[in-house]
Structure formats: structure tokens, C-alpha cells
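The structure appears below as C-alpha cells.
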Amino acid sequence: MKPFNGQAAAKGGVGVPVPHDSAALHVTGEAVYTDDIPELRGTLYAALGTSARAHARVRALDLVPVSAAPGVAAVIAARDIPGANDYGPVLADDPIFAEGLVQYMGQSLFAVAARSVEQARRAARLAAAEYEELEAHLDVDSALASEDFVLPTERLVRGDPKAAIARAPHRLAGSLRIGGQDQFYLEGQIAYAVPKEDGTMLVYSSTQYPGEVQHKVAHALGVHAKDVTIECRRMGGGFGGKETQPALFACAAALLARKTGCPVKLRVDRDDDMIITGKRHDFLTRYEAGFDGEGRLLGVEFMLASRCGYSADLSGAINDRAMLHSDNCYYLENVGIVSHRCRTHTVSNTAFRGFGGPQGMMGIEQVIDEIARHLGKDPLEVRRINFYGKSERNVTHYHQTLTDNVIADIVDRLEQTSGYQARRRAVRAFNAKNPVLKRGIALTPVKFGISFTTTHLNQAGALLHLYSDGTLMLNHGGTEMGQGLYVKVAQVVAEELQIDLERIRITAADTSKVPNASATAASAGSDMNGKAAQAAARSLRERLARFAAAHFGAPHEEVVFRDNRVSCGERSLAFAELARLAHAARVPLSATGFYATPKIGYDRKTWSGTPFYYFCYGAAVSEVVIDTLTGENRVLRVDIVHDVGRSLNPAIDLGQIEGGFVQGMGWLTTEQLWWNDAGRLMTHAPSTYKIPVAGDVPEAFHVEIYRSGANAEDSIFRSKAVGEPPLMLAISVFHAIGDAVASVADYRANPGLDAPATPEEILRAVEGLKARRAAPAEKVAS
């Protein structure tokens, strides 16, 4: 079979900027989300009853008033679960319903099903609980003081960082607080459980991980995976918040459905969603560094302490990734990292776009910025001198050799296209003339590793049906949350078979079609599912080619698929006609595909190996202005160059870069989570929790896909992942704000800025610099 020669390509293959497959449905309101699925007769509506204490023993829980409330059909608590009372993804430490002990305010105690949503929610408030309050650790500091951790502390050391720091010509030390972030998906958590015949259960779940939900529901019901099917056509956003968290809601809905024999829908409102579900881990990072007069790091030590919440959830892998990304783009010859996974009596934190990588990068970028300020240098100069090399200084602190390092090329390109140097001079000239408004500018890089660090998760499957009219149905284990995965994978199939994209019907993720699929996470969705679909398409194409060769009476190697036709020499058939003939000849027209990411695996005990298949690179320049009297601020301009390899779909990738950056900007500037002294989350609605809106997007927003991009590894059509890496480009905004704050003290002092850099935080930092600047004069005067 001859390979396609690239001429007269079918419409919508790889590299074409086609729209998102659901774009028209989104804007017309026709896209069906879980809450839009037509409800079956007799559907009941559920609500959760939750804890009113952060840490307490439950002495009594009276649910009689709940059962007696109008419209209530059933109430269930821990004692009513026929199987396992747990939905923890790694450790069995996440009860579906707490029993005897509550560990955060908002933890589920019971669930109620009623004839209407309002009846269920009103009934849930009627429970009478008696608590014996216990000491609660509500932040990282108190957990550190008590040495209270959900998982053992981890240490990674290369070289001799203490000795290197001690003998370095220059040294500095400091700390940085990095806030958490709510995923704030537009579609909240929801599950619709439908009991089927013979004790089986169908659950429509808004989840990034149908396979995980399937197993947790089966365990709760006391049945096997074969008895539970999970389906998800699309989510209204996920961002990691629908990886492990949906299992709680699916389990509660399924348990109520089993008890009542009726379909049960559990949809939580925004306030409850934010209170009940986990978020990005907030971190306390302490650091000490030694460096030479050029700014080259000689040794560095980090202490990373994260708020994990009351249980482990995915905190092990998240904190591991923070450690693995504490280098970002910089060669660390002597480095020590201590990672504390702190237990707090707050919601168990979970996956969020970047999965610990952003927090790890923030630490090293803070160190680089402070070195530059200490030496009076441009931070870009210090960044460059510390970059990984290509043939030397190219081994990470976990002993993986970089084979695809393009960060220097990207930064060179961005420095030129953004006019960075001229703008940096203009910023300083502006600040010299303006006592109140101050501008800042920063260029920061990104290197992000792609693969699940839990090696066995790096696998995917796909199912492809060819119908006798020449159209196809595609299914795979990936889930669609608006990121464009489904259209990209369909483009792969269209490319392999050389047919128009419109011939392919994309179908919902369904555990009864593709089993044991990994979560759509770690930015690996297109890589893994694309490769699996490619394998299925190639299997089908090979089968068709052999049939076509027999039909044409020609060698199999001479068959060519091109432009919706199959040819051999001067003879050709329409693809649809070939499908009809193949069906008539009893050729099987269904294929499966499987993919396992190669070359990966590392020894976590020694922190060495190859946890990542490849790396994504990018860089951003951000320019901001702050008001030193109020702390108000605005991002004026952003320039980005980002590497996506050979893009499967430039339009989708561009949208991911822009969206990821804006979400990262929100994390580092406006999105502040705040718990009161009782452990109640007070920022649980749009009125108090501020995500970026259209007006926050900089008017000058220039994004360029790296023109020379091509994956050095055999990824799907040499593309690269694009889901998570762009979020970290927004670190440039944080450092641009820090640059503006530092101008208050003529750039001679560390601004002392923590994240998020809210107006209050900016004002605190400005006032702190002013006080420190005034202190020597006051001392002399005295």
C-alpha cells in the first residue's frame, strides 16, 4: 500500500484549523450536557447534607426530620451503603458519607432524594447533628507546626546544595506564598443515575475519568465493573476538577437510585460545588540560593509545603510533579527539594491544570528574579545564563536527559518580536516620571513535561466502525470538556483514511465501548487517544487495502487512499463504494486501536528515570501598570511564543494557549480563596471569587505558535500537548507586577509579593517597600 503523497488531501485532516466539532451547538444552545438529557418518568432529585464543622466527632445525626419533609422519597447515610463507603482515588480515605468524624466544613454526611430539586435541598437542611469539636488545622503553617501530613515527606537531592550555597560568592533566602484556585467550570458537578435491568446501573456523569467513576460506583453498590456503565458526551469545563471529584456525586446518585428504583439526578449549585469540591493546592515555598556574579545558580534548596486538605486524593502525584518542575527551564547542578504534604481540615485539594507544575515553577522563577535584582541585572539575562543546554548542562535533577530543548530559540524569537528591550527601557523611563502609576515588564519561560508520572496510566484505546455507506463512528476513552480533543482525534482518522472530516461521527465517552481508559488529564489526551485512533484507522485501512488490491487485481502495495477515493494505477473507487463492496464481501469493518506511551518510567525511590515522554516549551512577555495608592492594576500587553510541535489543529491550539494564559493570570492576580477562623470557605460564589472576565484580557494580546516546532519523539503526527503548559506563561504577569512594585524602591529590594497579586496584596507590598526605604533615613535622623 502506497503512502499518501500529500496532494489533493481530503477536507479537515491533520493541520487544518477546523472549528470545534460542537462550536455551532454551543452558540445555538443545542449542545447536550448532562443536565440537558431528557429526564425519564419518575426521576427524583437529590441533595447532599453536609458538615457544619471543620473537625469534629459526630455524636448524633437525626435524619427523621429530613425523611418527613415534603416530597422526600429516600434518605441514605453511611449505614445504608451496601458496598464500600469510599471514593478515594489512591487511598481509601474519602468516605462518600462521613460517619462518626467530619474533617472539613462541607463534608457530605447523607443524601436525600425528593420529587423536586427545591424539596431535596430544603430537606437536606433539616438534619439535626450534634458535634464534639476537635482541634482544626486550617492552613499550611499550623499543619507544619504540628507535623501533620496526609502522606510522608519526600526529599530529592542532586549534588551537594548546602556546600555549594555556603561557598557561593552571593547568597539569598526568602519565601513565597502561592494561592490555590477553584476550577470554576461553567457546568457544575452533576450525575444522573438510571437503574437498568438485572441490577445494572447507567450513570451519566460530567467527568474527566469515566473509568474511575465506574469503579467507585460499582464498589459503593457492591457490584462489579461490568454492572455499571458511565457515559459522558461533553463537560462544560473540567480543568482537573472533574477527575476525582465526580465520583462522590455519581456514587450518591447511584445509591439513591438503587434504593428507590427510580432515576436520580444530583446537581449541586455553585455555592455547594465550591464548598464541597477540591481545588488547586496552595503552597508555601521557602528557598535559599547561592550564585556567582553573573547570576549563575551554584546551589539552591527548596522547601515546598502544600495544603492537601483532609485526605490524600491526588496530592502525592501533584506534589511529586511540583518537585519535578522546580527546575522549569534551568540547569540545577546542586539542588535539594523537601516536599511536605500537609493535612488541613479543609476540603481535600485535587487536580488542576498544571497538576503541581505551576507551583514548582513559581519557586525557581522567584529565585531567578531575586538574583537579578540583587545583582542589578535584567532578569532575562539571568534566566538565559541558567538555561539548560543542548549537548551539555542538559540533564534534569531527576536524571532525564533533554533531547528536545528549544527554549533558547523561543526566547530569542520572543525577545525580538515583542520588542522587549526597548519596552523595558520605556517602562523605566515611565516610572521615573510618574510617582503614582508604575509599570512593570517581565519575560518568563516554560518547560513542562508530558506524561502521567503514574506510568501505567499512559495508555489509551479506540473503537472505529465503518458503515457500508462509507461513514464512520469513532469512540475512544478521552473525554471532551471544551478543549477540542474530539475534533483533533477525528482529524487524525480523517487523515489516515484520507476522507472528509464530516464523514466521521464523534460519540460520547462510554465505559461499555472502551474499557479501562485513563483520565483525560496530564495534557496527554490528544497524544494517547490520537495514537489509539490512528492505530484503529490504520488497521481498518490495511484491511480495506488488501480487499481493494484483490478487487483491482493488483499488488497490495500499489493501493493509494486519497481525496475520498481508493486508487490503484489508473483505476479508482469512491471510498463509500469500497466500503459497500467490502461489506458485501464480508470484510470486517470494525477496528480497535491501542496505544501505550513508550520510553517512560522512573524510580520514585531514587527520583531518577524518564517520567516524561517529551517537554513543551514556551515563553511570554507581560507588561502591566499598577496604582501605588490603591493596588489596582491592569495587564496592558502580552506577547507569547509557544511550541505545540506540528499542530493537529492550529485554531484549537491557539484557543488553548489564549485560554490557558488567561486562566493562569486569574490564578496569580484575582482568584483568592479565603477560609474564616471556623474553617468555612467564604469565597464560594462569583460575588466573592473573581475569575477573569472579557474586560481583563489585555487589549494587545499577541500569540504566535512556534514556527519551527516539531516533536523530537514519535507523537501523533509530531504534535505536542497544549492543555496545561500555556497556563504557566502567566507567571510573567506576576513578575511584571513584581517589577512594577519594585520600582517604588528603585528596583533595589525584593517586592515581597505573594500570589495572588490582588490589589490588597499589591498595596501591602508597596507600603512595605516604602516603609523599608524610609527606615534607614529615620535611623540616621535618630
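The values are calculated or read from the model by the stated rules, or taken from the named source; none is laboratory data. Just so we're clear, the structure is a prediction, and the values are computed from it rather than from any experiment. Reconstructed Cβ throughout: ideal geometry from the backbone, glycine too, with neighbour counts over all protein chains shown. Quick note on the areas: whole protein, heavy atoms, side chains included, nothing else; ligands and nucleic acids left out. Shrake-Rupley method; radii C 1.70, N 1.55, O 1.52, S 1.80 Å.
Taken over segment 567-595, the criterion of being open to solvent by 60 Å² or more (accessible area, probe 1.4 Å) and of a type in the set (Ser, Thr, Tyr) is satisfied by 592 alone.
Touching a strand residue (DSSP E or B) at 6+ places or on another chain (Cβ under 8 Å), outside any loop (DSSP other than H, G, I, E, B) and either open to solvent by less than 30 Å² (accessible area, probe 1.4 Å) or of a type outside the set (D, E, K, R) (or both): is that true of residue 651 in this structure?
Values: touching a strand residue (DSSP E or B) at 6+ places or on another chain (Cβ under 8 Å): no; outside any loop (DSSP other than H, G, I, E, B): yes; either open to solvent by less than 30 Å² (accessible area, probe 1.4 Å) or of a type outside the set (D, E, K, R) (or both): yes.
No.
Within segment 410-424, can one find any residue that is basic (Lys, Arg), open to solvent by less than 50 Å² (accessible area, probe 1.4 Å) and touching a helix residue (DSSP H, G or I) at 6+ places or on another chain (Cβ under 7 Å)? Within segment 410-424, none of the residues are basic (Lys, Arg), open to solvent by less than 50 Å² (accessible area, probe 1.4 Å) and touching a helix residue (DSSP H, G or I) at 6+ places or on another chain (Cβ under 7 Å).
Of all the residues in segment 688-715, those that are open to solvent by 60 Å² or more (accessible area, probe 1.4 Å), out of contact with any Ser or Thr (no Cβ under 9 Å at 6 or more places or on another chain) and not in a loop (DSSP other than H, G, I, E, B) number 1.
Exactly one residue among 733, 744, 780 is open to solvent by 10 Å² or more (accessible area, probe 1.4 Å), in a helix (DSSP H, G or I), at pLDDT 95 or above and of a type in the set (Val, Ile, Thr), and that residue is 744. For segment 442-469, a residue qualifies if it is closer than 24 Å to residue 597 by Cα, of a type in the set (Ser, Thr, Tyr) and either open to solvent by less than 10 Å² (accessible area, probe 1.4 Å) or in contact with a Ser or Thr (Cβ under 7 Å, 6 or more places away or on another chain) (or both), and exactly one does: 451. Condition check for residue 215 on (1) assigned to a helix (DSSP H, G or I); (2) buried (at least 24 other Cβ atoms within 10 Å of the Cβ): one failure, at (2). Scanning segment 331-357 for residues that are of a type in the set (Gly, Ala, Ser) and in contact with a His (Cβ under 8 Å, 6 or more places away or on another chain), we see that the one that is surrounded by the fewest Cβ atoms within 10 Å (Cβ to Cβ) is 357.
Pairing residues of segment 700-711 that are more than 12 Å from residue 618 (Cα to Cα) with residues that are open to solvent by 40 Å² or more (accessible area, probe 1.4 Å) and not small (Gly, Ala, Ser), at Cβ distances under 6 Å and at least 6 apart in sequence or on separate chains, gives 700/637; 710/646; 710/718; 711/718.
Okay, residues lined up against (1) over 21 Å from residue 543 (Cα atoms); (2) free of Cβ contacts under 8 Å to residues at least 40 places away in the same chain; (3) open to solvent by 20 Å² or more (accessible area, probe 1.4 Å):
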{"residue": "483", "(1), (2), (3)": "yes, no, yes"}
{"residue": "490", "(1), (2), (3)": "no, no, no"}
{"residue": "496", "(1), (2), (3)": "no, no, no"}
{"residue": "500", "(1), (2), (3)": "no, no, yes"}
{"residue": "514", "(1), (2), (3)": "yes, no, no"}
{"residue": "518", "(1), (2), (3)": "yes, no, no"}
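If the condition is being of a type outside the set (A, V, I, L, M) and in contact with a Gly (Cβ under 6 Å, 6 or more places away or on another chain), then segment 196-221 contributes 208, 219.
Quick one: which of 319, 328 is on the phi > 0 side of the Ramachandran plot, crowded, with 24+ Cβ neighbours inside 10 Å and touching a strand residue (DSSP E or B) at 6+ places or on another chain (Cβ under 8 Å)?
Values: 319 fails: on the phi > 0 side of the Ramachandran plot.
Being on the phi > 0 side of the Ramachandran plot, crowded, with 24+ Cβ neighbours inside 10 Å and touching a strand residue (DSSP E or B) at 6+ places or on another chain (Cβ under 8 Å) holds for just one of 319, 328, which is 328.
In segment 530-544, the count of residues that are open to solvent by 10 Å² or more (accessible area, probe 1.4 Å), modelled with pLDDT of 95 or more, more than 37 Å from the chain's Cα centre (by Cα) and not hydroxyl-bearing (Ser, Thr, Tyr) is one or more.
If the condition is being open to solvent by 10 Å² or more (accessible area, probe 1.4 Å) and either of a type in the set (D, E, K, R) or assigned to a strand (DSSP E or B) (or both), then segment 195-211 contributes 195, 196, 197, 198, 202, 204. Of the listed requirements (1) closer than 30 Å to residue 268 by Cα; (2) part of a helix (DSSP H, G or I); (3) among the acidic types (Asp, Glu), residue 677 misses just one: (2). Within segment 142-176, take every residue that is under 26 Å from the mean Cα position of the chain (by Cα) and of a type in the set (D, E, K, R) and give me the one that is most open to solvent (accessible area, probe 1.4 Å). Among residues in segment 142-176 that are under 26 Å from the mean Cα position of the chain (by Cα) and of a type in the set (D, E, K, R), the one most open to solvent (accessible area, probe 1.4 Å) is 155.
Each residue in segment 478-502 was checked for being under 22 Å from residue 232 (Cα atoms) and among the charged types (D, E, K, R), and 3 of them qualify. Of the residues making up segment 277-309, not one is closer than 23 Å to residue 136 by Cβ, open to solvent by 10 Å² or more (accessible area, probe 1.4 Å) and more than 19 Å from the chain's Cα centre (by Cα).
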